[in-house]
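Following: one structure in structure tokens, then a few remarks.
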Amino acid sequence: MDKTLASVAEAVSAIHDGATLMIGGFGGSGAPIELIHALIDRFLATGSPKNLTVINNNAGNGRIGIAAMIDAGMVKKMVCSFPRSSDPRAFTDKYLAGEIELELVPQGTLAERIRAGGAGIPAFYTPTGYGTELAEGKVIAEFEGRAYVQERWLKADFAIVKGQLGDTYGNLTYNKAGRNFNPLMCMAAATTIAQVSKIVPAGGIDPEQVVTPGIFVNGVVEVENPQQEEVLIRAGVAHV
Amino acid sequence: MTDTTLNTREDIKLSNAQIAWRAAQDIEDGAYVNLGIGFPEMVARFQPPGRQAIFHTENGILNFGEAPPAGEEDWDLINAGKKAVTLKPGAAFFHHADSFAMVRGGHLDVAILGAYQVAENGDLANWRVGSKGVPAVGGAMDLVHGAKQVFVITEHVTKDGKPKLVEKCTFPLTGVGCITRVYTSHAVIDIRDRRFVVREKLAAMSLEELQAMTGAPLHTDGPVADLTVPAL
């Protein structure tokens with residue numbers, strides 16, 4: 001078995017129009033910038049994929065990454081907890097113009113919905129949001145005298161994530177707090193593609209150090225020196 | 001008394017640093033603490049000597065520390081406010097579902113948040129003030145559930161002199177019945193049995209003056225101590 005992919009372009013080639021796409025990262029930390037940009041490049045060259053539903057904690061920053069996807073017109077809907085950033089113009093303009101949908105989800109509920117999707121749990125109860133406008137219309141139940149909100153799992157057609165080390169079996173490690181949503185999204189997507197700084201042979205990662213077991217990962221592509229969203233934004237880089 | 005003549009005692013109020021200092025005095029050594037983005041982050045600067053709290057950030061770190069020097073940032077190592085941080089000995093990384101398990105599962109000792117309004121029954125409004133613009137909630141609705149104590153630090157009144165401690169929140173709620181204590185620019189107030197109970201107030205003001213700038217009845221169940229803080 002060898003899950004290695006030759007290029008970021010090949011890695012994103014199966015993502016189709018109308019797909020639901022989980023994108024790992026929290027702001028720029030752990031964000032797979034090269035995979036996102038490869039997807040944008042494909043869209044600019046071919047007009048596809050479009051009408052994407054994108055699941056991420058945020059909704060892009062500046063003119064790169066998810067913000068550049070939104071600017072390019074590839075995104076129909078964002079599912080996120082915090083569609084703000086140091087430069088949220090791309091999402092804000094489209095949202096206020098009614099050109100992009102938003103499903104706003106509390107951050108911990110977003111994480112747990114993704115985990116549930118990956119774990120085969122269709123719904124769960126959480127205290128988060130009870131009594132607020134984000135719980136309107138949802139099933140409420142009482143457990144041990146306290147009210148909880150029923151939330152549904154969240155699954156995706158594809159996940160693109162960023163790891164540190166990957167092996168040919170798809171086992172992954174992460175860099176520091178860059179793991180954030182990435183391990184959860186690996187579980188919750190039908191097809192998961194990881195960019196990693198280095199691909200090693202099977203056995204090249206100590207099993208004690210594996211964070212995401214390869215069963216959750218379909219393809220691994222090496223991006224040796226990945227770009228950081230924060231650095232690109234400070235440099236004023238625009239991808240579209 | 002009308003709004004225009006309401007005496008909000010701006011002349012004697014605590015600075016934000018002093019409010020943060022006062023809240024920091026109630027964090028025990030070894031406590032697991034989440035500080036909300038912005039003003040609450042200031043609490044970390046005022047830990048009493050000999051005490052070390054372990055700070056949690058939603059994106060997946062326990063025991064992070066100060067910002068690194070400029071130019072030495074690792075942008076995978078950030079806090080929930082997306083600011084670069086460093087690690088202290090004994091730090092740990094974890095994914096987002098584990099991070100919010102720590103929050104909702106009752107594992108944090110203290111969460112400290114800002115507020116637009118706090119109601120006498122412990123309701124909090126702190127995520128949006130109306131229905132305009134782009135809504136963004138982040139982890140606020142999660143953080144108010146699960147920590148053993150959920151504190152608010154805030155000015156006692158708004159910039160235009162309106163009460164922030166109220167009978168019922170008029171802004172969209174973050175959580176119901178979740179706040180246990182409020183540290184303001186003028187007082188320390190517990191929420192007990194759906195009532196505001198004054199524990200400390202500035203010595204230079206009377207309880208009546210404090211009541212006049214509060215939007216719900218204040219109660220006492222014992223002596224009210226002087227709220228004393230250092231010059232900061």
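The values are calculated or read from the model by the stated rules, or taken from the named source; none is laboratory data. As the structure is a prediction and not an experimental result, all values here were calculated from the model. Cβ: placed from backbone, ideal geometry, glycine included. Neighbour counts: every protein chain shown. These accessible areas exclude ligands, DNA and RNA; they are computed on the full protein's heavy atoms, side chains included. Shrake-Rupley method; radii C 1.70, N 1.55, O 1.52, S 1.80 Å.
Can you give the local net charge around B:R128? Use residues other than it whose beta-carbon is closer than 12 angstrom to its beta-carbon, Lys and Arg +1, Asp and Glu -1.
Values: positive: A:R84, B:K132; negative: A:E133.
Around B:R128, the surrounding residues sum to +1.
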Quiz item: Taking a probe of 1.4 angstrom, what is the accessible area of A:W153 in Å², to the nearest 10?
Solution: 90 Å²
Practice problem: For A:E103, B:E72, A:E10, give the ranking by accessible area with the largest first, probe 1.4 Å. | Solution: B:E72, A:E10, A:E103
Quiz item: Other chains' Cβ within 10 Å of A:104-117 residues: what's the mean?
Solution: 6
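Take the alpha carbon gyration tensor of chain A, find the square roots of its eigenvalues, order them as a ≥ b ≥ c, and report rounded if a/c is under 1.5; if not, report prolate when a/b exceeds b/c, else oblate. Show your work: numbers first, answer last.
Details: a/c = 1.84, a/b = 1.19, b/c = 1.55.
Oblate.
Computing the accessible area with a 1.4 Å probe over protein heavy atoms, can you report the carbon and sulfur percentage for the protein assembly as shown? Don't skip to the answer; put the middle values down first.
Details: 9620 of 19100 Å².
The C+S portion of the solvent-accessible surface of the protein assembly as shown is 50 percent.
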Practice problem: If a/c stays under 1.5 just call it rounded; otherwise compare a/b with b/c (prolate if a/b is bigger, oblate if not). Do that for the protein assembly as shown, with a ≥ b ≥ c from the square roots of the Cα gyration tensor eigenvalues. | Solution: prolate
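Highest first, please rank the peptides A:188-194, B:145-151 by the mean number of other Cβ atoms sitting within 10 Å of their residues.
Numbers: A:188-194: 23.7, B:145-151: 21.1.
By packing density, highest mean first, the sequence is A:188-194, B:145-151.
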Quiz item: Ignoring ligands and nucleic acids, what accessible area does A:Y169 show with a 1.4 Å probe (Å², nearest 10)?
Solution: 100 Å²
Quiz item: For the stretch A:51-160, treating each Cα as an identical point scatterer without solvent, what Debye log10 I(q)/I(0) comes out at q = 0.21 1/Å?
Solution: -1.10
Exercise. Between the alpha-carbon centers of the stretch A:34-109 and the stretch B:112-169, tell me the distance in whole angstrom.
Key: 29 Å
Self-check item: Heavy-atom SASA rank of A:S86, B:S206 (probe 1.4 Å, accessible area, largest first)
Solution: A:S86, B:S206
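By the gyration tensor of its Cα atoms, with a ≥ b ≥ c the square roots of the eigenvalues, what is the shape of chain B: rounded for a/c under 1.5, prolate for a/b over b/c, or oblate?
Numbers: a/c = 1.83, a/b = 1.56, b/c = 1.17.
Prolate, since a/c reaches 1.5 and a/b exceeds b/c.
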Practice problem: Apply the Karplus parameterisation 6.51 cos²θ - 1.76 cosθ + 1.60, with θ equal to phi minus 60°, to every residue of the stretch A:56-69 and state each ³J(HN,Hα) to the nearest whole Hz, in sequence, with x for glycine and proline. | Solution: 7, 5, 10, 9, x, 8, x, 10, 9, x, 4, 4, 5, 4
Self-check item: Expected 222 nm ellipticity per residue - DSSP helices of 4 or more, -39500 (n - 2.57), all of chain A, to 500
Solution: -7000 deg cm²/dmol
Quiz prompt | Over chain B: helical MRE at 222 nm, DSSP H runs n ≥ 4 each giving -39500 (n - 2.57), nearest 500 | solution = -3000 deg cm²/dmol
Exercise. With a 1.4 Å probe and every protein chain left in place, tell me how much accessible area B:I37 has, in Å² to the nearest 10.
Key: 100 Å²
Quiz prompt | Proximal charge balance of B:D109 [Cβ under 10 Å; K/R count +1, D/E count -1] | solution = 0
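Please tell me the relative contact order of chain A in percent, rounded to the nearest whole number, where contacts are Cα pairs under 8 Å and at least six residues apart. Don't skip to the end; give the middle numbers.
Working: 587 pairs, mean separation 59.5, N = 240.
Normalised by residue count, the contact order of chain A is 25 percent.
Which whole-number percentage describes the relative contact order of the stretch A:122-240, with Cα contacts under 8 Å and a sequence gap of 6 or more? Provide the component values of the computation, followed by the final result.
Numbers: 206 pairs, mean separation 27.6, N = 119.
Reported relative contact order: 23 percent.
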Quiz item: Sorting B:S15, A:S81 by accessible area (1.4 Å probe), largest first, what list results?
Solution: B:S15, A:S81
